[in-house]
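Here the structure comes first, spelled out in structure tokens, and everything after it is commentary.
The values are calculated or read from the model by the stated rules, or taken from the named source; none is laboratory data. In this text, all values refer to a predicted model and were calculated from it rather than measured experimentally. We place every Cβ from the backbone using ideal geometry, glycine too, and count neighbours over all the protein chains shown. SASA here: full protein model, heavy atoms, side chains in, ligands and nucleic acids out. Shrake-Rupley method; radii C 1.70, N 1.55, O 1.52, S 1.80 Å.
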Amino acid sequence: MLVKTFCAAVVGLEATTITIEVNLTRGVQFHLSGLADTAVKESYDRIRAAMGNIGFKPPTADITINLSPADIRKEGSGYDLPLAIGILAAHGKVSDTCLSEYMMIGELGLDGSLKPVSGALPVAILARKEKFKGLIVPKANAREAAVVNNLDIYGMDSLADVVSFFNGADIYEPTVVDTRKEFYEQQYTFDLDFADVKGQESVKRALEVAAAGGHNLIMIGPPGSGKSMMARRLPSILPPLSLAESLETTQIHSVAGKLPTGTSLISQRPFRSPHHTVSQVGLAGGTSKAMPGEVSLAHNGVLFLDELTEFSRATLEILRQPLEDRKITITRANYTVEYPCSFMLVASMNPCPCGYYGDPLHKCTCTPGQISRYLSKISGPLLDRIDIHCEIQAVPFAQLSKMQPGEPSTSHRERVIKARLIQEERFKDYKNVHCNAQMTERMLHKYAEPDDASLEMLRLAMEKLSLSARAYSRILKVARTIADLEGSNKVQSQHIAEAIGYRSLDRGDWAERGG
């Protein structure tokens, strides 16, 4: 008897319908075709044990299974459930009346339980697109898949539940998620707040400017000055995710298997902070299964690189193309996958090997040559893509103990949102441009052209401070954001002056000047 069930193969963010054809004839052998990996080939061992433990004797027959289309590689354990149901239906234990109306994914435990799999959200999107009536998933994946409307999502605990569902022995209700309600309820709850940060007003100002314009930022300061503390609070002042951004972000985390159990939509901007020992594949993505890397997991959020100079230079160079194109293409022998990676890069580093260059409380023991070599660990092209360089000093304890709590994140966020609304209106006719950091050179001349006085100030600053040519456009972008925060239509001299102050590492005398 020939029976068909339906599953999906996920490559990148795209899912493809896989038709599982099961045929039983007289014999005792098992045949599986269709470019299956080891996990899929081993599924029959799990299926036999699961069947036996829920009261079904595995069929004594020659079982031939084809996974179509045969030229797409099938990977992972998500094929267990549709394979098991196909075998049981071909054996006459499961009704095949409505098998064609449902797509299924799920890994089987030996006791017949269903275990969660990655990629449930892209599969749900495909199932709706292909006009399936419903999708059957492990219960742990139900809320994740249920964000897709106009599709019945059934979260099941075990293979026995799925058998009862198709045989009509029990009635199961589809999982329903009020996506909008949950999404908006969770957008404004943060564990970390800028009110916890005492002092450091200039640094908080720089972070606010970075958030308002989507600018990349690097903080340079001695150990214990609060670089990591403030960076981790940055998501609390970023504009809230839109539903479209949330869905795209959730898809990436779903494919990577990084969604917490029971999560429906990611409602807050992601904050990724990989350790400095991260590999090139870990940062960019890849592996045999084309998994997204840290740059993609930070999409629509923040990628924080703490102690930037401790990262491998080869690993850091990977960031150059994603920062420019806001997408990354992973090419291997058997596939090419493209992931979005539009993120804010926030980095921190010590100013020198000993960490205390320019610190009034500690003496630096490094020579100018050592400092230059230390800074040279970051290449010029990468530094060119960082708009704001912010120097930071530790707050002395005597001052720290007397200071009042800082301004709360809600106040910063209100100003950031107002500035972003101005930018949304400005760039409404441009595709894939949403904030000042994404402006092209032509757009700079149109929207951030300084007046004569500001232009003269910029010229003098570049000559006096030995600013590099690459700093010019970065200064204009940041000045445009500062003007937006003030509600100014024109870029004025005070905006240019503040933006110039955010180019510390471009100064030719940075390593020689005194603290």
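In table form, for the structure just shown:
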{"item": "Identity of the residue in the range 29-46, closer than 11 Å to T64 by Cβ and among the hydrophobic types (A, V, I, L, M, F, W, C), that ends up most open to solvent (accessible area, probe 1.4 Å)", "result": "F30"}
{"item": "Hits in the range 55-67 - residues which are under 30 Å from V255 (Cα atoms) and either open to solvent by 40 Å² or more (accessible area, probe 1.4 Å) or modelled with pLDDT under 95 (or both)", "result": "T64, N66"}
{"item": "Residue check for R26: out of contact with any Lys or Arg (no Cβ under 7 Å at 6 or more places or on another chain), without any contact (Cβ under 8 Å) to a residue 12 or more places away in the chain and either basic (K, R) or surrounded by 23 or more Cβ atoms within 10 Å (Cβ to Cβ) (or both)", "result": "no"}
{"item": "Unmet requirement for L114, which otherwise passes all of (1) surrounded by 23 or more Cβ atoms within 10 Å (Cβ to Cβ); (2) of a type in the set (A, V, I, L, M, F, W, C); (3) not in a strand (DSSP E or B)", "result": "(3)"}
{"item": "Residue that is most open to solvent (accessible area, probe 1.4 Å) [pool: residues in the range 123-177 that are over 12 Å from M104 (Cα atoms) and of a type in the set (S, T, N, Q)]", "result": "N150"}
{"item": "Candidate set from the range 248-299 (those that are closer than 16 Å to N141 by Cα, assigned to a helix (DSSP H, G or I) and in contact (Cβ under 8 Å) with a residue 60 or more places away in the chain); member that is nearest to the chain's Cα centre (by Cα)", "result": "I252"}
{"item": "Residue in the range 201-216 that is of a type in the set (G, A, S) and at positive phi present", "result": "yes"}
{"item": "Residue list for the range 23-63, filter: out of contact with any Leu (no Cβ under 8 Å at 6 or more places or on another chain) and assigned to a strand (DSSP E or B)", "result": "L24, T25, F30, H31"}
{"item": "Qualifying positions in the range 178-235 - of a type in the set (K, R) and open to solvent by less than 30 Å² (accessible area, probe 1.4 Å)", "result": "K204, K227, R233"}
{"item": "Strands (runs of 3 or more DSSP E) fully within the range 122-239 counting 3 or more residues that are among the aliphatic types (A, V, I, L, M)", "result": "134-138, 217-220"}
{"item": "Contacts under 6 angstrom Cβ, first residue in the range 374-388 being under 13 Å from R474 (Cβ atoms), partner of a type in the set (S, T, Y) and at pLDDT 85 or above, 6 or more apart", "result": "I388/Y502"}
{"item": "Complete set of residues in the range 419-439 that are open to solvent by 30 Å² or more (accessible area, probe 1.4 Å) and either outside any helix (DSSP H, G or I) or without any contact (Cβ under 8 Å) to a residue 60 or more places away in the chain (or both)", "result": "L421, E424, E425, R426, K428, D429, Y430, K431, N432, H434"}
